[in-house]
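Here is the structure we will look at.
The values are calculated or read from the model by the stated rules, or taken from the named source; none is laboratory data. Keep in mind that what you see is a predicted model, and the values were worked out from it rather than measured. Positions of Cβ are generated from backbone atoms using ideal geometry, with glycine treated the same way; all protein chains shown enter the neighbour counts.
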Amino acid sequence: MALREYFESRPLETPLVVDGSELDDEDQDEVGYVTLPEGFGAVLVKDADGLAWRLSWEGDDAEADRRRALPPGTYSVTGYRLIDRSREDALWHISVTGIRGWKLEVDAGETEEIEVDATVHMRAGMRNGSASMSIVGMHGAGLSIYKDGRRIPISYKITDDEGEVLAKGPMNYG
């Protein structure tokens, strides 16, 4: 009950979805374009006024025109989602959020290609008997990995020099 009251008390900000090379606003005379070089996915950006935009390449016609129209300006990239199918036809995607310091300049009549690195950076360590793991994407942002719509678990196992298991279990990440 408290969760419903919380969401009813403050409206959720839903991003404006851009899934093509035209903006809905007919008064928009000049636009700039953004492309994602390959694959499908989405990029989340905020403009200088804090308005959220979701640039989507996730539909049946996502490959028809790779350009996504935006009003000219400076945008902060806040997240992205990359999607790919494995040879076994499993649908994999990674979602990255909490990006800081990544700016995107959109100029009227120009096309800006977004370079998204799909590398998943993993680092594990032990300190004072506690295990830690870091799983991040570009710019050190939080990352979650999904297979067929479900977040995949990441587990850990700590062994001593003789291979004896000292601790094991699931890791929270993302």
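Looking only at residues of region 120-145 that are among the hydroxyl-bearing types (S, T, Y) and at pLDDT below 85, we find that the one that is farthest from W53 (Cα to Cα) is S130.
Of all residues in region 105-117, those that are under 14 Å from W57 (Cα atoms) have Cβ atoms under 6 Å from Cβ atoms of residues that are exposed (fewer than 12 other Cβ atoms within 10 Å of the Cβ), 6 or more apart or on another chain, in E113/P37. When G39 is tested against (1) modelled with pLDDT of 70 or more; (2) small (G, A, S); (3) closer than 22 Å to I135 by Cβ, exactly one condition is not met: (1).
Of all residues in region 99-108, those satisfying the criterion of being hydrophobic (A, V, I, L, M, F, W, C) and not in a strand (DSSP E or B) are I99, W102, A108.
Given the criteria assigned to a loop (DSSP other than H, G, I, E, B) and in contact (Cβ under 8 Å) with a residue 24 or more places away in the chain, does V96 qualify?
Values: assigned to a loop (DSSP other than H, G, I, E, B): no; in contact (Cβ under 8 Å) with a residue 24 or more places away in the chain: yes.
Considered against the rule, which asks whether it is assigned to a loop (DSSP other than H, G, I, E, B) and in contact (Cβ under 8 Å) with a residue 24 or more places away in the chain, V96 comes out as no.
Quick check on my filter: what residues within region 109-119 are outside any strand (DSSP E or B), loosely packed, with under 13 Cβ neighbours inside 10 Å and in contact with a strand residue (DSSP E or B) (Cβ under 8 Å, 6 or more places away or on another chain)? Passing the criteria: G109, E110. Restricting attention to region 139-155, the residues being in a strand (DSSP E or B) and farther than 14 Å from L91 by Cβ number 5. The set of residues in region 128-138 that are in a strand (DSSP E or B) and either touching a strand residue (DSSP E or B) at 6+ places or on another chain (Cβ under 7 Å) or not small (G, A, S) (or both) comprises A131, S132, M133, S134, I135, V136.
Restricted to region 134-167, and to residues there that are under 17 Å from V116 (Cβ atoms) and small (G, A, S), the residue that is farthest from the chain's Cα centre (by Cα) is G140.
In region 129-174, the qualifying residues are those that are among the polar types (S, T, N, Q) and farther than 16 Å from Y80 by Cα, and the one that is surrounded by the fewest Cβ atoms within 10 Å (Cβ to Cβ) is N172.
So how many residues does region 78-108 have that are surrounded by 15 or more Cβ atoms within 10 Å (Cβ to Cβ) and of a type in the set (G, A, S)?
Going residue by residue through region 78-108, those that are surrounded by 15 or more Cβ atoms within 10 Å (Cβ to Cβ) are 78-83, 93-97, 99, 102, 104, 106.
Now restrict to residues that are of a type in the set (G, A, S): 79, 95.
Of the residues in that region, 2 qualify.
Residue-wise test of (1) touching a helix residue (DSSP H, G or I) at 6+ places or on another chain (Cβ under 7 Å); (2) closer than 24 Å to D148 by Cβ.
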| position | (1), (2) |
| --- | --- |
| D84 | no, yes |
| H93 | no, yes |
| G98 | no, no |
| W102 | yes, no |
| E110 | no, no |
| E113 | no, no |
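Anything in region 87-104 that is of a type in the set (K, R) and either touching a Lys or Arg at 6+ places or on another chain (Cβ under 7 Å) or over 15 Å from V116 (Cβ atoms) (or both)? List them, or say none. Of everything in region 87-104, those that are of a type in the set (K, R) and either touching a Lys or Arg at 6+ places or on another chain (Cβ under 7 Å) or over 15 Å from V116 (Cβ atoms) (or both) turn out to be R87, R100.
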